[in-house]
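Following: one structure in structure tokens, then a few remarks.
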Amino acid sequence: MRLRFLGKSAVEEGESDPIRDLSTLSHFLTRRRFLEMGTTLGVLVLPQGDRDVSRDLGMPRRGYGDPSPFEKVSRYFKQGEYPASGGSATPLQDLYGIITPSALHFVYMRAGVPIIDPARHQLLIHGLVDKPLVLTMNELKRLPSVSRVHFIECAGNSGAEHIGQPRDNPTRSHGLVSCTEWTGVLLSTLLTEVGLKLEARWVLAEGADACRMGRSLPIEKAMDDVIVAYGQNGEALRPEQGYPLRLVVPGWEGNTNVKWLHRLHVLDQPAMTREEAASYTDLLPDGTARRFSFVMEAKSVITRPAGGQRLSGSGFYEITGLAWSGRGRVVQVEVSTDGGNSWQKAEMQEPIHTKAFVRFRMPWTWDGSETTIASRCQDETGYWQPMREEIITARGMQATDHYNGIKWWRIHTNGELTHA
Ligand SMILES: Nc1nc2c(c(=O)[nH]1)N[C@H]1C(S)=C(S)[C@@H](COP(=O)(O)O)O[C@H]1N2
Ligand SMILES: [Mo]
């Protein structure tokens, strides 16, 4: 028998699926609408493998769990210009819901991952403040905390699309973004504690990695929703994410989310570090550059079915993907399955957090013909994710950061998906 609705591997390999008992079977039988796309049911046989497993005592207990050995999900690594620089992209197409598992969070770094002993780590807050402070990790954890779900996205994410080098799967085209429940102390709590002087306008945040990467944030943002975070999805930050302490700057380009945070310097102007003077500026057609373009604007991408995957024939498929906006909540996602001739509202998973991933889903029946599919989203400011052409008209072709154009996937008649 063959229940093609049951799972990805079954869909891809056309194998039988384990039907463990009749209650599972009747559950699927009540869902006639979907089953109609499958083949008819044959004789019910318990797979050999299942019988073996039920007699086994199972594996030993573990203090800290790993995925099933059958799961081979992994980040995609890209070497940077210098030995310890580079990034790892999140395999968006292999994930469910809105939370990125910590072990699969994308990584970007200039000077490798420092291994820091939290017992010796301190945060210095100084500059235009009434009372400079040095805080240990234990002292930080005594302060009032928050847990909030936010995405972090590298400014360069999907930039290759901008310059006409589209990537063939969601990891490579859009994988420099992840979404996490972060826990920590609001930066406003710390700045209130040290007391800001009247001239305080900017806060330089500096990391303890070898390059001492630093970024300046305007005081308005610093006093708004920025988190000095030590928690990631219910446990301590991963070393790659800045253990033991990082800045989470909701909705703003990834680079401002300074990792391995050890210093906050309150200033009356931006520090003009390398990252804000040379990098992360967008050169415009008229020769001037956009600077301090912090906000990551509304973007979305279909993650299934998407480039690199294969449909096993016409019939029912759920289209699903992710949408996010650095300006606030996503309020609407639309999907086109006919090259943009028509758009339909996708369902959005609740609850919808601000400056966080939204999982969208839409039922769809493929008729087997070649087509292109895409998603587009709107955020609470009314802003719609633009087409690539609109971005090029506005900003030219030189700058590849902050690209948020609509992403198309092409479905070929043999079921294969590529970029469009
Ligand atoms: N100290 C420090 N902070 C840093 C970086 C770095 O190299 N050093 N990389 C930045 C960049 S470019 C990005 S996109 C984000 C990525 O955060 P993640 O690695 O947790 O995904 O961290 C930012 N914070
Ligand atoms: Mo980045």
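The values are calculated or read from the model by the stated rules, or taken from the named source; none is laboratory data. Everything numeric in this text was worked out from a predicted model, so none of it was measured. Backbone-built Cβ (ideal geometry, glycine too); neighbour counts: all protein chains shown. Just the protein is used for accessible areas: all its heavy atoms, side chains included, with ligands, DNA and RNA removed. Shrake-Rupley method; radii C 1.70, N 1.55, O 1.52, S 1.80 Å.
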Residue list for the range 384-399, given a label point 7 angstrom along the Cα-to-Cβ vector of Ala289 and an amide N cut-off under 15 Å: 398-399
Most positive-pole-ward Cα, Val203, Ile163, Thr100, against dipole of the range 97-219 from beta carbon charges: Val203
Under 11 Å, Cβ to Cβ, from Trp343 - net charge with Lys/Arg +1 and Asp/Glu -1: 0
Contour excess over end-to-end distance, with Cα ends at Arg61 and Arg310 and 0.36 nm allotted per residue: 85.9 nm
Greater than 22 Å apart at Cα, pairs in Lys221/Lys355; Lys72/Lys299; Lys197/Lys221; Lys141/Lys259; Lys78/Lys355; Lys299/Lys345: Lys72/Lys299; Lys78/Lys355
Farthest toward positive dipole pole in the chain [+1 Lys/Arg, -1 Asp/Glu at C-beta], among Gly313, Pro250, Trp343: Pro250
Between the range 312-390 and the range 132-176, the Cα center-to-center distance that results, in Å: 22 Å
Arg274/Thr418 FRET efficiency (R0 35 Å; Cβ-Cβ; nearest 0.05): 0.40
Linear extension gain, Asp338 paired with Ser369, 0.36 nm per residue minus alpha-carbon span: 10.1 nm
Distant alpha-carbon pairs in the range 339-420 (separation over 23 angstrom), percent: 36 percent
Sum of side-chain charges, Arg110 neighbourhood, beta-carbon under 11 Å (Lys, Arg +1; Asp, Glu -1): 0
Relative contact order, percent, the range 82-167 [alpha-carbon distance under 8 Å, six or more residues apart]: 20 percent
For the chain, radius of gyration divided by Kirkwood radius, i.e. Rg to Rh on alpha-carbons: 1.02
Listed residues Ile115, Ile319 arranged by accessible area, highest first, probe 1.4 Å: Ile115, Ile319
Gained length - Ser147 relative to Leu133, 0.36 nm times residue gap less alpha-carbon distance: 2.7 nm
Point-to-point label distance, Tyr76-Asp117, nm (Cα→Cβ direction, 7 Å offset): 4.0 nm
Local net charge near Ala89, Cβ-Cβ under 10 Å (Lys/Arg +1, Asp/Glu -1): +4
Relative contact order (%) - the chain, alpha-carbon pairs under 8 angstrom, separation at least six: 15 percent
Projected-area average for the range 145-229 over all orientations - Cα convex hull basis, square nanometres: 7.8 nm²
Accessible surface, the chain, averaged per residue in Å² (probe 1.4 Å): 48 Å²
Given charges at beta-carbon only (K, R positive; D, E negative), |dipole| of the range 187-257 in Debye: 140 debye
Net dipole in debye of the chain [+1 Lys, Arg Cβ; -1 Asp, Glu Cβ; about Cα centre; nearest 20]: 520 debye
